[in-house]
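Structure, as structure tokens:
The values are calculated or read from the model by the stated rules, or taken from the named source; none is laboratory data. Keep in mind that this is a model prediction, so the values were computed, not measured. Note: ideal-geometry Cβ built from the backbone for every residue, glycine included; neighbour counts use all protein chains shown.
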Amino acid sequence: MIDDAIAKKLDLKQISSTVETTFCIADLGCSVGPNTFTAMQNIIDVVQQKYESQDLATHMPEFQVFFNDHSSNDFNTLFSSLLPERPYFATGVPGSFYGWLFPESCLHFVHSSYALQWLSKVPEELLNKNSLAWNKGRVHYTSAPDEVVDAYTAQFAKDLTTFLDTRAKELVVGGLMVLIMSGVPNRIPRSSGPVEMMFDFLGLSLMDMAKEETAQPAELRCLLTEIMMASKPLLWVKNLKKMRKP
Ligand SMILES: C[S@@+](CC[C@H](N)C(=O)[O-])C[C@H]1O[C@@H](n2cnc3c(N)ncnc32)[C@H](O)[C@@H]1O
């Protein structure tokens with residue numbers, strides 16, 4: 001699917017004035033590898049093929065990959081696992097992808113896989129005893145009242161909007177963004193999704209621990225999870241040319 005998106009949507013002619021000598025790729029929420037290395041190699045292979053197929057081989061750029069994750073990510077493991085013969089320059093970019101990470105119009109390709117389901121924070125209402133969305137006795141929205149689901153959904157919408165607004169500025173016009181996210185099909189009730197069921201069991205086990213006093217309720221509050229499984233397409237490819245205002 002990524003190959004197809006590059007073949008059909010990456011507009012080399014439009015981005016050629018911004019590429020000059022370096023084609024910049026960012027992997028947001030890269031973790032420590034090895035999946036990120038495979039993904040980056042695949043993207044570079046397909047972009048190179050596209051240059052060749054469009055008789056642009058003489059303009060072949062060098063490639064720079066920005067590996068992004070939280071500053072607490074184990075970047076040492078990531079860097080020490082890089083293959084010496086890789087066809088790109090590697091740079092680590094610590095920080096949340098819900099904020100600015102790059103100067104304006106500096107990226108040609110943004111990739112993120114299985115990271116955007118992490119919200120920027122647990123919705124505040126979940127911790128407020130006076131709120132209808134107070135999520136007492138649960139660590140997630142599975143089996144929770146609608147108010148809890150609504151709080152997760154609102155936080156997800158807010159975070160995704162921030163993410164897209166920021167990336168729209170960081171990407172060059174004509175650049176490409178590929179986002180792969182966990183999700184659940186619309187028709188499946190939220191309590192029946194496998195990940196949701198896992199969180200339900202986890203929550204129940206933690207509550208048992210609290211009853212047995214092997215964990216304190218305060219510790220359980222810290223375990224409220226920041227994961228949201230959207231009921232939208234799993235692979236979402238958007239050409240930034242269309243997102244930007246003229
Ligand atoms: C499930 S791992 C996916 C790793 C890799 N992309 C893959 O496909 O194997 C999710 C990663 O996203 C990172 N992550 C979550 N929220 C993030 C944020 N706001 N900013 C940067 N990285 C984030 C996590 O630290 C974690 O390393």
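So the values come out like this:
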| quantity | calculated |
| --- | --- |
| Whichever residue in segment 16-54 is part of a loop (DSSP other than H, G, I, E, B) and of a type in the set (Val, Ile, Thr) and, among such residues, is farthest from the ligand (Cβ to nearest atom) | Thr21 |
| Options Asn73, Asn68; residue that is within 15 Å of the ligand (Cβ to nearest atom) and either part of a loop (DSSP other than H, G, I, E, B) or under 30 Å from Ala144 (Cα atoms) (or both) | Asn73 |
| Segment 139-157, residues that are surrounded by 15 or more Cβ atoms within 10 Å (Cβ to Cβ) and assigned to a helix (DSSP H, G or I) | Glu147, Val148, Val149, Asp150, Ala151, Tyr152, Thr153, Gln155, Phe156 |
| Residue in segment 80-89 that is under 30 Å from Lys158 (Cβ atoms), touching a residue at least 60 places away in the same chain (Cβ under 8 Å) and either within 13 Å of the ligand (Cβ to nearest atom) or in contact with a helix residue (DSSP H, G or I) (Cβ under 8 Å, 6 or more places away or on another chain) (or both) present | no |
| Selection status of Glu104, closer than 30 Å to Thr21 by Cα, at pLDDT 90 or above and within 16 Å of the ligand (Cβ to nearest atom) | no |
| Every pair of residues 6+ apart whose Cβ atoms lie under 6 Å, when the first sits in segment 143-164 and is on the phi < 0 side of the Ramachandran plot while the second is surrounded by fewer than 21 Cβ atoms within 10 Å (Cβ to Cβ) and of a type in the set (A, V, I, L, M, F, W, C) | Glu147/Leu132; Gln155/Leu119; Asp159/Leu119 |
| Any chance Leu126 is under 24 Å from the mean Cα position of the chain (by Cα), closer than 23 Å to Ile180 by Cβ and among the hydrophobic types (A, V, I, L, M, F, W, C) | no |
| For Glu125: the one exception among (1) charged (D, E, K, R); (2) loosely packed, with under 15 Cβ neighbours inside 10 Å; (3) under 28 Å from Ser205 (Cβ atoms) | (2) |
